[in-house]
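The values are calculated or read from the model by the stated rules, or taken from the named source; none is laboratory data. Quick caveat: nothing in here was measured; it's all calculated off a predicted structure. Cβ: placed from backbone, ideal geometry, glycine included. Neighbour counts: every protein chain shown. Each accessible area value is taken on the protein alone, full model and side chains, heavy atoms only, with ligands, DNA and RNA left out. Shrake-Rupley method; radii C 1.70, N 1.55, O 1.52, S 1.80 Å.
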Amino acid sequence: MSRMSDFLSDVKKRREELKAKRPSSFGDVKTSVQDNVIWKSIFRPGSIYRKGYRDTSRDRALAAMNNVLYHLHPVKVKRHGLKLTYTYCLGGLSFFLFILLTITGIFLMFFYRPTAGAGSELAYLDMRNLSASVTFGHLVRNMHRWGAHLMVFTVFLHMARVFYHGAYKPPREFNWVVGVILLTLTLLLSFTGYLLPWDQLAIWAVTVGTEMMGFTPVFGKQVQFVLLGGVEIGPNTLLRWYVLHVLFVPFVTVIFLAVHFWRIRKDGGISGPL
Amino acid sequence: MSEEVQIDQEVYDRLIAEGKSERIARAKAKAASVRKGKVAAGQELGPKSPEENQQALAAFRERSGGGAATAGAGGGAATATKEVPASRLSPEERAARVSASLGGNGNGGSIGVPASSAHTHRLLALVPPAGIQQVQSKQQDKVYTWPHLLIVEFVALLAMTAVVLVTSFFLDAPLGALANPNLTPNPSKAPWYFLGLQELLRYFHPMVAGVTIPGVGLIVLGAAAYVDKNPSAKPENRKFANMAMTFFLVMWTVFVFAGSFFRGPGFNWVWPWVDGLFFEL
């Protein structure tokens, strides 16, 4: 009997010891995670994720300077620009939708093959399959579709906002031009994506659009031929527009986005106050 | 050890009577007392006359060997050197004197430019007045990006995610029948943002509606930043620009709406509340 109670007290003692060793709170875990070589090598001094961030001017400045994402922003911004009714966040939301569309788009690429033609209508079948049997496939496709329409809309509103604030005036003229190019690229992104489901809606909408392009003076027919990969929409068009949609146009867009954001800072930050 | 310097009481009283402050009076009275002591000890006071200076110089040259005097004059040909008049020390003599006074510790007795150098000073740079930066930035009302701006942006991001998610949950993206190039749907419509142009096709030649108007439109839009020379950004100062922009935005919207909702089979005019919608996103 006494052996039994000895054993029990031993277990109890052992448990107490382990309890003492174990990190007792979230704060302890946080400290041990933050206080090692790897963590410190990832987050530069002053990062808000490092140990010992204090809410001082210096650390606030370092937080913006030492994070590649926050680094899009300057350390300080004009106070009036914070007001939601000044920008309505439209530029930022357009960019965010671009990111969201990239993420959802990459997901969709796993389940989509840009192949069409009699007997091998893989594109359309993949679309059906995506909705029917891929986990979250239907939701992600919806997000990609509505996000795309929304992005055209927010880019358009962003342009209107910038115009009414006279924010294109010197020294920001060139950035306005970059913005107009980005508007065009957004439309191209949306339009090239419109064909990919390869349903009746897709090919006839694109037929209408490309027929208009064919009326470009001098080299209209050539442009149309190159874009369609033939005289009319077919499997070649689908492959071309797929590559344009997932690779070429996003690539060009990212370059212009980089210039656009960089110039905002070079031109003295947000415009105004009015 | 050091004795407290006595105050010359006579001088002190006179300065106080003149209205000098106590501090100045005390200092001057001390100086007067020191001067008196020197005179009593037979020491000379004050600056030497030019003749006495010359004598002292000659005495120094005699002491230090005399040879340096001729070597010094006319030695340096560099920019910042002057011909040394005979009445002054040459650089070599000055160097000798400095090193003697520093105890001849071997490093020339000099900091920076060597004492033996003929250069008495150095030219660092010539700066034209225009090269001096005039900083005239205005004080601006600024706040830290972190946390003020980043929090607003984060909330906007979450809100947008919510909007997209909820919309996607309740509204399905259209997926029609398999593409069939031989079966033209009626009506065939472009994506909504091109429906304004498709509407224009009803009124103009395709080259005008499909190429000229959007092409010129985009170029004019881009050029607006260079055409608009009005420096003001205030709405009350740019009524024309705002009116023109509003006009074109409204026109564009009207055409998009017309093409989207008021065009049915054959792209003919319909009333959506009578004939229904012929529109898909």
By its C-alpha gyration tensor, with a ≥ b ≥ c as the square roots of the eigenvalues, how is the stretch B:125-207 shaped: rounded for a/c under 1.5, else prolate for a/b larger than b/c, else oblate? oblate
Per residue of the stretch B:272-281, what does 6.51 cos²θ - 1.76 cosθ + 1.60 with θ = phi - 60° give for ³J(HN,Hα)? Whole Hz please, x for Gly and Pro, Karplus curve as stated. x, 7, 9, 9, x, 8, 10, 8, 9, 7
How much accessible area does A:TRP262 have with a 1.4 Å probe, in Å² rounded to the nearest 10? 140 Å²
Which value, in debye to the nearest 20, describes the size of the charge dipole of chain A about its Cα centre when Lys and Arg Cβ atoms bear +1, Asp and Glu Cβ atoms bear -1, and nothing else is charged? 1600 debye
Can you find, among B:ALA241, B:ALA190, B:PRO265, the residue farthest towards the positive end of the dipole of the stretch B:185-281? Put +1 on the C-beta of Lys and Arg, -1 on that of Asp and Glu. B:ALA241
Loop-only check: which chymotrypsin sites (Phe, Trp or Tyr not before Pro) in the stretch A:63-140 are DSSP coil with at most 16 other Cβ within 10 angstrom? A:TYR88, A:PHE110, A:PHE111, A:PHE136
Can you compute the modelled spin-label distance between A:VAL37 and B:GLU51, with each label point 7 Å from Cα toward Cβ, in nm? 8.5 nm
Any chance you could get the radius of gyration and Dmax over the Cα atoms of the protein assembly as shown, in Å? 42.3, 130
Among the trypsin sites (Lys or Arg not before Pro) within the stretch B:115-192, which fall in a DSSP loop and have no more than 13 other Cβ atoms within 10 Å of their own Cβ? B:ARG122, B:LYS138
So what are the ³J(HN,Hα) numbers for the stretch A:35-51, from phi and the Karplus equation (6.51, -1.76, 1.60; θ = phi - 60°), rounded to whole Hz, Gly and Pro as x? 9, 9, 4, 5, 4, 5, 6, 7, 9, 5, x, x, 4, 5, 8, 7, 5
How many nm is it between the label spots at B:TYR226 and A:PHE225, if each spot is 7 Å from the Cα in line with the beta carbon? 3.3 nm
Please report the Cα spread of the stretch B:1-45 along all three principal axes, rounded to whole Å, starting with the longest. 33, 25, 13
Taking the protein assembly as shown and counting helices only, DSSP H stretches of n ≥ 4 at -39,500 (n - 2.57) each over all residues, the nearest-500 ellipticity at 222 nm comes to -18000 deg cm²/dmol
Given Cβ charges of +1 for Lys and Arg and -1 for Asp and Glu, the option among A:THR186, A:LEU93, A:ILE203 whose Cα lies farthest towards the positive end of the dipole of chain A is A:LEU93
Overall dimensions of the stretch A:1-67 as given by Cα atoms, namely Rg and Dmax in Å: 20.8, 68
In whole angstrom, and with the biggest value first, how far do the Cα coordinates of the stretch A:56-173 range along each principal axis? 62, 35, 22
Angle check, please: helix A:90-109 long axis (alpha carbons) against the longest principal axis of chain A (alpha carbons), in degrees 0 to 90, nearest 10. 90 degrees
Please work out, to two decimal places, the log10 of the ratio I(q)/I(0) at q = 0.08, 0.15 Å⁻¹ from a Debye calculation in which every Cα of chain A carries one identical scatterer. -0.55, -1.17
For the stretch B:126-281, the Cα convex hull volume per residue in Å³ comes to 298 Å³
Given an 8 Å cut-off on Cα distances and at least 6 residues of separation, report the relative contact order of chain A as a percent. 17 percent
